[in-house]
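Reading through the structure tokens given below for one structure.
The values are calculated or read from the model by the stated rules, or taken from the named source; none is laboratory data. The structure presented is a predicted model; accordingly, all values stated were derived computationally and were not measured. Backbone-built Cβ (ideal geometry, glycine too); neighbour counts: all protein chains shown.
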Amino acid sequence: MPKFKYITYAEAINEALDLSLKKDPNLLCYGLGVSDPKEVFNTTKNLQKKYSSERVFDIPCSENALTGVGIGCAIKKCRVVMTHQRLDFSLLSLDQIINNASKFYYMFNKKIRVPITIRMIVGRGWGQGPTHSQSLQSIFSHIPGLKVVMPSNANDAKKLLISSIFDDNPVIYIEHRWLHEQKGRVEKGFTKKKISNANILKRGKDLTIVASSHMTTEAIIAGKILQKNNIAAEIIDLRSIKPLDFKKIEKSISKTKRLIILDSGFSFGSIANEIISSVHIRSYKLLKHQPIKISMPDCPVPTGFSLTKNFYPDYKRIIFECEKMFSKKISYEKNKNQLHDVPNKEYLGPF
Amino acid sequence: MVIIIGLSLKMKISAKIVSQIYYQILRIREIESRISKEYTEWKMRCPVHLSIGQESVAAPLSVLFKNKKYEVLSGHRAHAHYLGKGGNLFKLISEIMGKSTGCSGGRGGSMHLIDKDVGFLLSTAIVANSIPVAAGVALSKKIKKEKGLALVFFGDGAIEEGVFYETINFSIIKNLPIIFICENNKYSVYSNLDVRQPKNRKIHKMVEKIGIKSVFSNGLNAIEIYQKFLYAKNYVERKNKPIFLEINTYRYLEHCGPFDDDNLKYRPKKEIDFWKKNDPLTFLEKKYDKILNKKKINNYKNKISNEINLSFNKAKRSKYPKSSIKDKEIYA
């Protein structure tokens, strides 16, 4: 029996939920659309059928109350996974997340724990626009008491979700819509991954590229192109935004002396800024080239097809920055057939 | 077995219950008064929202909901609910004084109380935000097939928050075992209900239209309030459905702090006089003069005074907590 199988990111999430519901008979899984015909992009497929509508259920459009309900269940040792089809809807529940979930453990002197996992999906492309595409990990990471994870591949998606569910703290689990259909080699069975360990996806001595979630995909493409041009990039996939694995980043740049950070969030007050400032504060002489930040511009994401062209930074931006950094021309084949607002050719909206 | 769910106010009330309710109102009154009195020594350095005048709403907890299977959550004005449920007095006073022996180790203060040993789950400081948490507690009871129910206390201001409606709606859909208690004291800080909600609205009637059983009390007779709680308890336990109580009440002191603030004149003198004339203690003393005789009251006062002295003195002698900002204090 092979220990691995090739499944999509969405299937990996589904498997993590399935295994967790099986493991813990008090675990609840709910959110808008969890049991509708689309089953949250198939991530909650068949779960209600398997585990009853008592434990897996659709909810009223009451994000704030249902987050509070989840917290109430969690403090009574009924773990909860709540799902938002877009991260932007979770903003209706910031009071419960920030004033309650994140604070209870400290504020009540460790007498209660809040094991709730809140899944948030970041949208992109096909006109998702200003309020269906925000990647707001920096807002949640700002709050003491919350953990924030952003898996970039199917295997991590599964293991980090199981770890989030069985963590005794509130965890914000951020998915990216463009990763749902991506296939990957996934370990079988009930397996966890410690939340706090970044993953070195590729070793290299010339440059450190730090990425997370979907930006990791762009980093991998860029890494291959750079390799062909004799630049060995080390790619670090953060996995967990909070806690952040500063150690691995520092260790890598103490070798490469160069740093590019990819961030799917807006530029101002971003995680990229946090990493850059941390690197400078800890050892400001580490870099021999100024750090490069590649993030979303500080502008709401437009909806229209033409307006979104060139709006999202991609691997070409990384190459462009590397050309400046290494003062050399980098050659690669430009893929002209790919439309900019879909993750693959099969993808046909609407969300 | 005949199950009586009907609400009959002619129900016979035993001398024991009258005494228990009176005792608890008196106890909360005396404790809150002592906090008010000692506050100006400036050792209690955190905001306090005292419950003087509103004790009757919390007193039934000490009779009907003592068992741990009844789990109570509350808001910023939580001392009375904590005490009524049997929360430890020494830990309350310690908490307000910021001592390590406080129920939240000095981290929470007056608005963040907890005593899990007696089923006082928590109180929070943001208007209405413990309401859905209580519904979650009720849901967990259903999932785990636990006995008992959840009770959540909040003020009339909470009725203006969206999460209140969201939670009522959800609790109806899921038939949650929960009692929602709105203590209507007519003021949100200094703002009269008139500037916050439509004139002539009856909160309980509006809430009933959402589809939840609602009960109202004008708050003048503590025994009647007790009976409404008894009715609510029977209703939830026998019908497996949530219920909403609106109880009129009045706070005697300022919204936050140890003093009265009648000098600010935001409340009509007639209104203040009306409620003080109908003070729950004098009301019960008059109505049940045979049960609540002078001797008994004096005994109660002595007993309470001893309890208060012990707790305050012990709290004053207790140590301040060590400060730590380490991750292990913030993450479980």
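Do the conditions hold for A:Ser283, that is, is it polar (S, T, N, Q), surrounded by fewer than 23 Cβ atoms within 10 Å (Cβ to Cβ) and in contact with a Phe, Trp or Tyr (Cβ under 8 Å, 6 or more places away or on another chain)? Here the answer is no, as A:Ser283 does not meet what is asked. Does the range B:146-162 include one or more residues that are free of Cβ contacts under 8 Å to residues at least 60 places away in the same chain, within 14 Å of another protein chain (Cβ to nearest Cβ) and basic (Lys, Arg)? The answer is no, given that none of the residues of the range B:146-162 is free of Cβ contacts under 8 Å to residues at least 60 places away in the same chain, within 14 Å of another protein chain (Cβ to nearest Cβ) and basic (Lys, Arg). For B:Tyr331, all conditions in the list (1) without any contact (Cβ under 8 Å) to a residue 12 or more places away in the chain; (2) among the hydroxyl-bearing types (Ser, Thr, Tyr); (3) under 22 Å from B:Lys99 (Cβ atoms) hold save one; what is the number of the exception? Exception for B:Tyr331: condition (3).
Does any residue of the range A:26-33 turn out to be assigned by TED's automatic domain parsing to the domain that holds A:Val171 and more than 30 Å from B:Ile126 (Cβ to Cβ)? No, the range A:26-33 contains no residue that is assigned by TED's automatic domain parsing to the domain that holds A:Val171 and more than 30 Å from B:Ile126 (Cβ to Cβ).
Within the range B:277-332, the residues that satisfy the criterion of being within 30 Å of B:Lys12 (Cβ to Cβ) and charged (D, E, K, R) are B:Lys277, B:Asp279, B:Glu285, B:Lys286, B:Lys287, B:Asp289, B:Lys290, B:Lys294, B:Lys295, B:Lys296, B:Lys301, B:Lys303. Suppose the filter is surrounded by 13 or more Cβ atoms within 10 Å (Cβ to Cβ), touching an Asp or Glu at 6+ places or on another chain (Cβ under 9 Å) and free of Cβ contacts under 8 Å to residues at least 40 places away in the same chain; does B:Tyr252 pass it? Spelling it out, it is not the case that B:Tyr252 is surrounded by 13 or more Cβ atoms within 10 Å (Cβ to Cβ), touching an Asp or Glu at 6+ places or on another chain (Cβ under 9 Å) and free of Cβ contacts under 8 Å to residues at least 40 places away in the same chain.
Screening the candidates A:Ser196, A:Ser213, A:Ser240 for the property of being crowded, with 22+ Cβ neighbours inside 10 Å, within 23 Å of A:Met120 (Cα to Cα) and within 14 Å of chain B (Cβ to nearest Cβ) yields one hit, A:Ser240. Of all residues in the range A:39-62, those that are touching a residue at least 40 places away in the same chain (Cβ under 8 Å) have Cβ atoms under 7 Å from Cβ atoms of residues that are assigned to a loop (DSSP other than H, G, I, E, B), 6 or more apart or on another chain, in A:Val40/A:Gly33; A:Val40/A:Val34; A:Val40/A:Gln85; A:Phe41/A:His180.
Filtering A:Ile249, A:Ile221 for residues that are surrounded by fewer than 23 Cβ atoms within 10 Å (Cβ to Cβ), among the β-branched types (Val, Ile, Thr) and out of contact with any strand residue (DSSP E or B) (no Cβ under 9 Å at 6 or more places or on another chain) leaves a single hit, A:Ile221. Restricted to the range A:78-113, and to residues there that are of a type in the set (Ser, Thr, Tyr) and outside any helix (DSSP H, G or I), the residue that is farthest from the other protein chains (Cβ to nearest Cβ) is A:Thr83.
Residues in the range B:90-105 that are in a helix (DSSP H, G or I) and more than 13 Å from every other protein chain (Cβ to nearest Cβ): B:Phe90, B:Leu92, B:Ile93, B:Ile96.
Might you let me know whether the range A:140-148 holds any residue that is under 16 Å from A:Ala211 (Cβ atoms), outside any helix (DSSP H, G or I) and within 14 Å of another protein chain (Cβ to nearest Cβ)? Yes - at least one qualifying residue is present in the range A:140-148.
Here the condition is being touching a strand residue (DSSP E or B) at 6+ places or on another chain (Cβ under 8 Å) and closer than 13 Å to B:Gly119 by Cα; of B:Ser74, B:Ser62, it holds for B:Ser74 alone. Every test in (1) under 20 Å from A:Ile13 (Cα atoms); (2) of a type outside the set (A, V, I, L, M); (3) modelled with pLDDT under 95 is passed by A:His280 save one, and that test is (1).
Quick check: anything in the range A:112-133 in contact (Cβ under 8 Å) with a residue 40 or more places away in the chain, closer than 15 Å to A:Pro243 by Cβ, of a type in the set (Phe, Trp, Tyr) and outside the structural domain of A:Asp298 (by TED's automatic domain parsing)? No, because not a single residue in the range A:112-133 is in contact (Cβ under 8 Å) with a residue 40 or more places away in the chain, closer than 15 Å to A:Pro243 by Cβ, of a type in the set (Phe, Trp, Tyr) and outside the structural domain of A:Asp298 (by TED's automatic domain parsing). Of all residues assigned to the range B:75-89, none qualifies as being among the charged types (D, E, K, R) and within 13 Å of chain A (Cβ to nearest Cβ). Would you check if there is a residue in the range A:298-311 being farther than 27 Å from A:Pro130 by Cα and not in a loop (DSSP other than H, G, I, E, B)? No - not one qualifying residue is present in the range A:298-311.
To keep it simple, each residue is scored yes or no on (1) part of a strand (DSSP E or B); (2) within 26 Å of A:Lys158 (Cα to Cα); (3) under 17 Å from the mean Cα position of the chain (by Cα).
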residue: A:Lys192; (1), (2), (3): no, yes, yes
residue: A:Ile195; (1), (2), (3): no, yes, yes
residue: A:Thr216; (1), (2), (3): no, yes, yes
residue: A:Gly223; (1), (2), (3): no, yes, no
residue: A:Glu234; (1), (2), (3): yes, yes, no
residue: A:Lys247; (1), (2), (3): no, yes, no
residue: A:Ser252; (1), (2), (3): no, no, no
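Taken as a whole, the range A:150-162 holds no residue that is within 14 Å of chain B (Cβ to nearest Cβ) and either in a loop (DSSP other than H, G, I, E, B) or modelled with pLDDT under 95 (or both). For B:Ser171, the conditions (1) away from every other protein chain (no Cβ under 14 Å); (2) hydroxyl-bearing (Ser, Thr, Tyr); (3) in contact (Cβ under 8 Å) with a residue 40 or more places away in the chain all hold with the exception of (1). Of the helices (runs of 4 or more DSSP H) lying entirely inside the range A:1-77, those containing at least 3 residues that are surrounded by 22 or more Cβ atoms within 10 Å (Cβ to Cβ) span A:9-23, A:63-75. Only residues that are surrounded by fewer than 19 Cβ atoms within 10 Å (Cβ to Cβ) and among the hydrophobic types (A, V, I, L, M, F, W, C) were counted across the range A:170-190, and they come to 1. Number of residues in the range B:121-145 that are assigned to a loop (DSSP other than H, G, I, E, B) and either within 7 Å of chain A (Cβ to nearest Cβ) or modelled with pLDDT under 95 (or both) equals 4.
Just to be sure before I move on: is A:Lys103 more than 22 Å from the chain's Cα centre (by Cα) and surrounded by fewer than 20 Cβ atoms within 10 Å (Cβ to Cβ) in the structure I sent? No, not satisfied. For the range B:257-268, the criterion of a residue being assigned to a helix (DSSP H, G or I) and in contact (Cβ under 8 Å) with a residue 24 or more places away in the chain is satisfied by at least one position.
Criterion first (over 16 Å from A:Leu136 (Cβ atoms), surrounded by 15 or more Cβ atoms within 10 Å (Cβ to Cβ) and under 18 Å from the mean Cα position of the chain (by Cα)) does A:Asp263 satisfy it? No. Does B:Ala158 qualify as being within 20 Å of B:Phe216 (Cα to Cα), part of a loop (DSSP other than H, G, I, E, B), of a type outside the set (S, T, N, Q) and touching a Gly at 6+ places or on another chain (Cβ under 8 Å)? Here the answer is no, as B:Ala158 does not meet what is asked.
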